[in-house]
Every structure is written in structure tokens, then in C-alpha cells.
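Here the structure is laid out as C-alpha cells; the discussion comes afterwards.
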Amino acid sequence: MTTGRSPSRCDGCWRGDEELELSKTEFDLLELLAFNAGEVIELATDRRGDEPVTRVAMAPLLERVAARSSQRAGRPVQVRSDDTVVMGRELALERSAT
């Protein structure tokens with residue numbers, strides 16, 4: 001299953017060459033799951049505990065979060081950050097920022 005994508009929003013959903021007829025709620029849920037596939041898989045497989053504590057630069061992490069939020073909202077999300085580095089689990093920190 002794939003979603004057709006314009007720069008700001010999906011515009012259709014297909015299985016092979018067949019376009020699926022989805023309600024707005026079904027489409028919105030599918031789009032949300034597609035945008036967050038990595039996190040959904042991580043939560044479903046409970047890989048969170050396997051992530052080591054490392055030095056995490058917050059600016060790039062927050063830029064990734066802002067990019068996803070911008071796609072979802074269809075408008076720019078700006079980040080103002082410094083060179084802060086923390087010790088933590090990067091994926092867990094990213095989830096907490098969303």
C-alpha cells in the first residue's frame with residue numbers, strides 16, 4: 001500500500017494500481033501511521049529498552065521533529081536552538097519532543 005504525496009499532503013492511497021476508497025478518518029489515520037512508521041514499529045516491537053544512552057545533539061533532533069510536524073500541519077515549524085548536547089536515549093528524546 002502506498003500513498004500519493006504532494007509536498008504538503010497525501011492525495012490518495014493505492015494498493016498496487018487500485019486506488020482505495022477511504023473515509024477521511026481512515027485516510028488521516030493511515031497518513032499518520034505512514035509518517036510515523038519508525039516509531040510505530042519501535043513501539044510494536046518494544047525496542048525502546050535496547051537503545052543505549054549516548055550523547056545527543058538536540059538541534060538536529062529538534063529539526064527532525066519540526067520537519068515531521070511541518071508536514072503534518074502543512075505549515076512551517078521553526079526551531080531556534082543552540083549547541084546543547086545531552087546524555088540520553090535519542091529515540092526516546094525524539095518521542096518526547098513530539
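Of the helices (runs of 4 or more DSSP H) lying entirely inside the range 14-98, not one carries at least 3 residues that are touching a helix residue (DSSP H, G or I) at 6+ places or on another chain (Cβ under 6 Å) and among the hydroxyl-bearing types (Ser, Thr, Tyr). Considering every residue within the range 66-86, establish whether at least one is touching a residue at least 12 places away in the same chain (Cβ under 8 Å) and at positive phi. There is at least one residue in the range 66-86 that is touching a residue at least 12 places away in the same chain (Cβ under 8 Å) and at positive phi. Would you point out the residue of the range 44-53, among those that are over 16 Å from Ala97 (Cβ atoms) and not small (Gly, Ala, Ser), that is modelled with the lowest pLDDT? If we take residues in the range 44-53 being over 16 Å from Ala97 (Cβ atoms) and not small (Gly, Ala, Ser), then Arg47 is modelled with the lowest pLDDT. Between Val56, Val40, the distinction of being aliphatic (A, V, I, L, M), in contact with a Leu (Cβ under 7 Å, 6 or more places away or on another chain) and at pLDDT below 85 belongs to Val40 only.
The values are calculated or read from the model by the stated rules, or taken from the named source; none is laboratory data. None of the values given here were measured: they were computed from a predicted structure. As a convention, Cβ positions derive from the backbone with ideal geometry for all residues, glycine included, and neighbour counts pool all protein chains shown.
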